[in-house]
Amino acid sequence: MVEPTGTRALIERLCTRFREWQPEHVPETGQDGPLNWPGYDEQRALARKRSGADESVVCGHAWIGAQPAVLIAFEFGFLGGSVGHESGARIVSAFTRARRLRIPVVSLVASGGSRVQEGICALRQLQEITRACLQNRKAGLPHITVLRNPTTGGMWASLAAGADLVLASPEAAVAFGGSRVRSRDEPDDAAFTAEGKFAAGQADLLVADSELAEVLTTALTLLGPGRSTRSPEPAEVPAALGRAPLPDSGWTAVQRARAPARPRAEAYLDDYFTTRLPINGDRAGGTDTGMWCGFGERHGRTVAYAAQTGTATAPAGFRTATRVIRLADRFGMAVLTLVDTPGAANTAEAERDGVGPAIAELFTAVAEATVPVTTLVIGEGGSGGALALAAPERTWITPDAYFAVIAPEAGAAILKRGHDDVAEVADRFRLRPQDLLELGFVRGIASPVR
């Protein structure tokens, strides 16, 4: 028995079952393709012989672990995984079948881009593929892509980059312009790699082949069929993990919230979820390690989360939170947000990166969400940078947290008061948990772990 190689071997490693489909409709072309490219038929025949595949894309109904999905797998050995009219039709057909079956799409991309021997007829496949992706997005069906080596050109810019969850093989070449079409004066740079895309917030996870089946199984379990509903129940309010006694003064509340030993987002997320799948970055070139976002399992259902970790939130952090809330809204999943920030980053870099519009977009995402958003303030609630992540009328607070219009020190400066007046300003802000409850800003004070 001949052992499978290339894409077939990858499919066998990933899938517990796989049933390949032939495309439902492929436009007919004459000899040597739509452009009558000399020798094109011979090139395809040689590619079939060398790769063992009849085209650059294999599609079918797959089970990864116990989770069903429509699988789109590229065979780079067939003319560099390039996409022409036939392979484009296969991709579009795969998305159509996923909508019929109401299951996610997983795409394993390894492509040099559009097939030059088919010219504009190949290039226009990017529009068809994008339209198919959009239809599945509107249907609330997840698309998970894996960037393999290489992922360049049109398949990066249409199929892969627009996926809901982007996984990437370490050291894979990932770029819109492949190495053969970039300027010879352009030096090698990490920007053209999977690691560069992860650092720039354009990929969610770097996943080695040995871990890919496990990560895809987790992703499909959390995002797959049965985990979404049109009217999900709100996420439960997490238990308070820190000190239980309520503070006797505003300044005491601030000091407790700033205490280095206070439980942070990681402790709350670990306590709340049994499994988590992180997402990374804002898809616009930025990341913020102070904003943790993703999806987690809580009592057998999936809840999206966005959690501040105690640092000033950068524009990329606000945009990443916006991204996960909008994904949850589309998938029909409740959202949990954890507020803990002294405020939005106020540096010149943050201003150049659009901190104001980024905060505005997050406010909008929370306001327009059709799924319930539950918020727990677990530390500092600093001004608008914290409020943007808070759900109106569904916000709770822990005993060791506070929320204020601005930090007491900044408030004193605005009021032209000295350092000795900061504690008094904190009291006048009425920022303690019990004050916020009395003022109607929070619905309750979270109970401690029993």
*Build a GNM of the chain with springs between Cα atoms under 10 Å: which of A267, A53, A307 gets the top mean-square fluctuation?*
A267
*Using a Gaussian network model of the chain whose springs link C-alpha atoms within less than 10 Å, name the residue from V377, V324, V405 with the highest mean-square fluctuation.*
V405
*asked:* Which residues does the label zone of D248 cover in the range 387-403, counting backbone N under 14 Å from a point 7 Å along Cα→Cβ?
replied: none
*Starting from the Cα of A139, step 7 Å toward the Cβ, then list every residue of the range 209-226 with an amide N under 16 Å from that point.*
224-226
*Going by how many other beta carbons lie within 10 Å of each one, how would you line up T395, T152, fewest first?*
T395, T152
*Assign unit charges at the C-beta atoms only (+1 for Lys and Arg, -1 for Asp and Glu), then state the dipole size of the range 250-445 relative to its Cα centre in Debye, rounded to the nearest 20.*
380 debye
*Okay, helix-only estimate at 222 nm for the chain: each DSSP H run of n ≥ 4 adds -39500 (n - 2.57), divide by all residues, round to 500 deg cm²/dmol; what do you get?*
-10000 deg cm²/dmol
*Residue farthest toward the positive end of the dipole of the chain, with Cβ of Lys/Arg at +1 and Asp/Glu at -1: which of G384, A89, V425?*
A89
_FRET E, pair A157, R19, Förster distance 51 Å, beta-carbon r, rounded to 0.05_ = 0.95
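Readers should treat all values here as calculations from the given coordinates under stated rules, not as data from a laboratory. Model, not experiment: these values are computed from the prediction. No Cβ is skipped: glycine too gets one built from the backbone with ideal geometry, and neighbour counts run over all protein chains shown.
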